[in-house]
1. Restricting region 181-206 to residues that are in contact with a strand residue (DSSP E or B) (Cβ under 6 Å, 6 or more places away or on another chain) and part of a strand (DSSP E or B), which is farthest from residue 456 (Cα to Cα)?
2. Just wondering, is there one or more residues in region 81-90 that are surrounded by 18 or more Cβ atoms within 10 Å (Cβ to Cβ), modelled with pLDDT of 95 or more and closer than 21 Å to residue 374 by Cα?
3. Within region 19-34, can one find any residue that is within 27 Å of residue 397 (Cα to Cα), out of contact with any strand residue (DSSP E or B) (no Cβ under 9 Å at 6 or more places or on another chain) and not assigned by TED's automatic domain parsing to the domain that holds residue 472?
4. Could you tell me which numbered condition residue 398 fails, if it satisfies all but one of (1) farther than 30 Å from residue 134 by Cβ; (2) more than 15 Å from the chain's Cα centre (by Cα); (3) in a helix (DSSP H, G or I)?
5. Looking at this structure, is residue 200 surrounded by 23 or more Cβ atoms within 10 Å (Cβ to Cβ) and touching a helix residue (DSSP H, G or I) at 6+ places or on another chain (Cβ under 8 Å)?
6. Among the residues of region 295-309, are any at pLDDT below 95, crowded, with 18+ Cβ neighbours inside 10 Å and in contact with a strand residue (DSSP E or B) (Cβ under 6 Å, 6 or more places away or on another chain)?
7. Of 144, 164, 128, which residue is in the same structural domain as residue 299 (by TED's automatic domain parsing) and either over 30 Å from residue 238 (Cβ atoms) or exposed (fewer than 14 other Cβ atoms within 10 Å of the Cβ) (or both)?
8. Can you work out which of the residues in region 95-114 that are out of contact with any strand residue (DSSP E or B) (no Cβ under 6 Å at 6 or more places or on another chain) and under 30 Å from residue 35 (Cα atoms) is surrounded by the fewest Cβ atoms within 10 Å (Cβ to Cβ)?
């Protein structure tokens, strides 16, 4: 394909949701990233559109991946507001954080709203174990029979593993990427979409379901169990974090990187640790406990109702349930790790961490998710588009497809090719440009498909076809040939 200059990606200081495109009829919520986590409170903060102050109060939320965000909920109705508007946010956070942002948004005519959004609504399928809520016209509805069967099989596996009956769980399947691919609160929300650039990907969707079911079932027996043990239990039950992984060898590889903390630090600073590292460490600890003391003894830890936190809780709990102290637990865990062979996991772990750090940086800068809609329920926001609308710009689509391709290479074990793809994702994020190196192939395909009315979903460099959609969630495969250095579409096949 023809060479071309790199094209910039646009990083914004303020995001409006539903977005990134806005249509007449949307009620926009504005979200301002603060960066990291801080001990802030809200001082005098004002938001205005075209110089007119909006009568809405700001809230400050801490998102586990995006850090702190300032949110103006349901701030601006776009009825009769087609065209460009200037949004201004001014004021301060306490202590000593000035906010002064001016940004332009564009409201498009309602007629341009995707048909998928216009016709969607929430629907519920009652599985044997769970209520599965999904959006009509979404990928989840298209694949509903397979999804429900997978969730029911996973629920039976969870009940057999823990020896407990699973309470009825509410699964909500959304059609855009949220965080790492979902979260568990009053309901289990899981991203299920076709251009999925999450670490889980569709091929390991079962892993996500098993993880969240573990949380649902242990909620019945835990009292004040610290977060590391809860996450470690879910990772160990699922057999890995985002994909099947041998946790002992993976933790040993983490230790050889100098990034496996002692248990005291793991249980006191879990939130501050690198995401993949902390889940590997916690999952490996649970693997060790189950292997060494047996599953019934491990479950006894959950009955440890101490008014303590972090490593102090762990010390008291293992004394009561296992008859050892924290120092002895650390020594045993260290010896167990010394017997693990990290050779198959070292490169995989390094690439996984690098890719997910770059992916989250891309997401936070160019495709942040609406963190505010998590509570109390996604289905009660009044804006169904929050759970469906995502970027359509070929530049962003190309990067998301590149990230998904890199993740697939790691999952399949093609780590040499994965290293090249991960390096390109890192470059895209660091430079804020797309269209040179490996990303050039993805951008040229995304633009060529966009010119013919299709949206790129998945592409493998070197191939002359790609998975795409024109009328989501219907999938097609677009074929082409390269003529004089440019892509010429030759056929469209239904999938």
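The values are calculated or read from the model by the stated rules, or taken from the named source; none is laboratory data. Fair warning: this is a prediction, and the values are worked out from it, not measured in the lab. A quick note on method: Cβ atoms are made from the backbone with ideal geometry, for glycine too, and the neighbour counts reach across all protein chains shown.
1. Looking at the filtered set, the residue picked out is 188.
2. No, there is no match, as no residue in region 81-90 is surrounded by 18 or more Cβ atoms within 10 Å (Cβ to Cβ), modelled with pLDDT of 95 or more and closer than 21 Å to residue 374 by Cα.
3. To start, the set of residues in region 19-34 that are within 27 Å of residue 397 (Cα to Cα) comprises 19-34.
Okay, now just the ones that are also out of contact with any strand residue (DSSP E or B) (no Cβ under 9 Å at 6 or more places or on another chain), so 20.
Within this subset, residues satisfying the condition of being not assigned by TED's automatic domain parsing to the domain that holds residue 472 are 20.
The answer is yes, given that some residue of region 19-34 is within 27 Å of residue 397 (Cα to Cα), out of contact with any strand residue (DSSP E or B) (no Cβ under 9 Å at 6 or more places or on another chain) and not assigned by TED's automatic domain parsing to the domain that holds residue 472.
4. Result: residue 398 fails condition (1) only.
5. It is true that residue 200 is surrounded by 23 or more Cβ atoms within 10 Å (Cβ to Cβ) and touching a helix residue (DSSP H, G or I) at 6+ places or on another chain (Cβ under 8 Å).
6. Looking through region 295-309, none of the residues is at pLDDT below 95, crowded, with 18+ Cβ neighbours inside 10 Å and in contact with a strand residue (DSSP E or B) (Cβ under 6 Å, 6 or more places away or on another chain).
7. Going through 144, 164, 128 in turn, just one is in the same structural domain as residue 299 (by TED's automatic domain parsing) and either over 30 Å from residue 238 (Cβ atoms) or exposed (fewer than 14 other Cβ atoms within 10 Å of the Cβ) (or both): 128.
8. 96
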